[in-house]
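Single-structure report; data block below.
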Amino acid sequence: MIIGNTAAQSALRLASNIILARLLAPNAFALTAITSLILTGIQMVSDVGIAITALREGEMSRADEDRLWSMQLVRGVGVGALVAAAAVPVGWIYGNTQLRDVLFALALMPVLENAQSLYPVLSLTHRRLLPSTLIELGARVVAMVTSILVALVSPTVWALVIGTLVATGLGTLAGHIMSGRWPHFVLDRAYIARQWRFSRWIQSSSTLTFVGGQVDKAAFPFLFGMSALGVYGIGATLAGMPAQVTQRWSGSVFYPLAVKMLRGEGAARAKLMAVRTTMLLYTAIAAVAVMAVAPAFFLLLYEPRYHAAAAIAAILAAGTFFDVAESSLRHFPLVEGTPHFEVLTVLVRLAAFAAAVGVVYLTGAGVAGYALSYVAGLAASHLFMLGVCVRRGYLRPGFDLLLTGMLVGAGLLVNALPLRRASTGGLVAEGFTVAALAGVAILLVYLRRGLPSLPAEPAPETLREMAEEELGIRVERP
């Protein structure tokens with residue numbers, strides 16, 4: 001379900017970017033990147049772990065669901081007010097009045113998002129991904145169609161803004177229709193206080209995670225200009241395609257498995273690590289494929305003003321592996337009740353990124369060096385969290401280190417291929433060749449290890465008999 005959802009969303013996102021890149025200037029993408037940065041920042045600073053709380057509790061009574069949804073809605077209204085308040089100062093800092101107006105309009109987005117039903121999240125505890133998949137795919141299609149239609153009439157940043165708002169509103173409505181009820185607004189101070197004792201570390205971690213994950217885009221316009229940020233964002237979109245699968249896998253599959261299996265015996269933990277190993281293999285192969293395909297992809301499908309995004313995408317693709325490896329390890333101390341390690345991990349990432357950016361600034365390495373600095377921060381945080389998990393006895397470091405070395409070596413090899421500088425035809429041939437090899441490698445991993453999950457456990461015998469009696473049927477036992 002995750003693979004199909006992500007493949008469809010990635011195809012829609014790429015198609016939308018290619019079409020809109022011909023209708024809109026890079027400045028429009030830069031404005032949306034900045035507004036997304038502000039929106040995401042304020043939302044993560046105010047994160048109180050609603051989804052994590054819902055997944056930890058699993059089955060929730062309607063009363064508790066109403067309380068948790070009310071917390072979510074209040075947070076959304078507060079985030080919207082903060083976004084609106086930040087519009088004027090942010091527009092002044094970047095010297096762009098249009099950015100101010102866009103922020104005012106998008107202040108409605110967190111309100112709509114946080115009014116969404118908890119039903120899609122609660123369904124994940126039973127590995128039912130269909131509700132969230134339908135909502136995400138539907139919203140992506142609506143956003144794409146709306147943005148393109150508006151851009152044909154008015155080729156400005158407002159095409160992207162209107163598409164986003166319409167899709168978010170319809171996604172919220174769809175979630176409540178699927179759940180079959182609209183929750184009641186209930187503010188319970190005792191419940192909020194109890195949830196805050198756990199979620200305060202989540203809030204701190206989310207804040208620092210946002211800073212660590214988005215600081216590159218925040219500082220970019222001051223070093224290289226607003227239009228260059230649009231090109232950087234386009235490159236990051238291609239590089240982040242594997243992450244679209246892994247992020248959903250991490251939250252929808254791996255975290256629920258970690259909650260269940262880390263508290264078990266050695267055999268259960270071994271199965272959990274095998275699932276993680278499988279995902280890292282897929283991620284490393286996909287990262288190398290993006291490195292190889294990026295130059296031909298932008299050469300064939302984008303106008304010349306976006307061709308510089310190829311080098312950015314190739315570098316940032318390596319960061320996807322480090323991000324997946326580190327984020328999956330974060331679940332282990334979180335399940336064991338020690339979420340402060342998340343904060344320390346992000347601090348390591350920020351320190352490494354800042355040091356690398358200082359080197360880039362002093363040496364004049366340019367945009368490519370800047371992207372490499374971001375990847376260096378991700379690699380440092382992965383190594384730190386790996387060390388924490390090794391010391392706490394969760395796993396051994398050998399596989400992570402081996403795969404890291406192989407990924408770096410493959411990236412250097414792909415960049416050094418003689419076809420890369422031979423001709424346009426050679427560049428395209430190289431991209432297709434490596435993509436085909438990556439497809440074969442993914443097939444081999446699938447045949448050998450399957451998908452990165454565990455098969456659903458059969459229902460207990462008693463439950464099966466009750467269901468059969470209720471349906472009035474009997475099934476012969478082998």
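For (1) without any contact (Cβ under 8 Å) to a residue 60 or more places away in the chain; (2) in contact with a Leu (Cβ under 8 Å, 6 or more places away or on another chain); (3) at negative phi, each residue gets a yes or a no:
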{"residue": "Thr133", "(1), (2), (3)": "no, no, yes"}
{"residue": "Leu149", "(1), (2), (3)": "yes, no, yes"}
{"residue": "Leu152", "(1), (2), (3)": "no, yes, yes"}
{"residue": "Thr156", "(1), (2), (3)": "no, yes, yes"}
{"residue": "Val161", "(1), (2), (3)": "no, yes, yes"}
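Quick one: how many residues across region 307-323 are surrounded by fewer than 20 Cβ atoms within 10 Å (Cβ to Cβ) and not small (Gly, Ala, Ser)?
1
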**Q.** region 173-198, residues that are assigned to a loop (DSSP other than H, G, I, E, B) and either at pLDDT 80 or above or not charged (D, E, K, R) (or both)
**A.** Gly180, Trp182, Pro183, His184, Phe185, Val186, Leu187
**Q.** Wholly enclosed helices (runs of 4 or more DSSP H) of region 63-157 bearing at least 3 residues over 29 Å from Lys260 (Cα atoms)
**A.** 97-106, 108-114, 130-153
Q.
Regarding region 360-370, can at least one residue be identified that is outside any helix (DSSP H, G or I), surrounded by 20 or more Cβ atoms within 10 Å (Cβ to Cβ) and in the same structural domain as Pro397 (by TED's automatic domain parsing)?
A. no
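The values are calculated or read from the model by the stated rules, or taken from the named source; none is laboratory data. Quantities reported herein were computed from a predicted structural model and do not represent experimental measurements. Methodologically, a virtual Cβ is constructed for each residue, glycine included, from the backbone with ideal geometry; neighbour enumeration extends over all protein chains shown.
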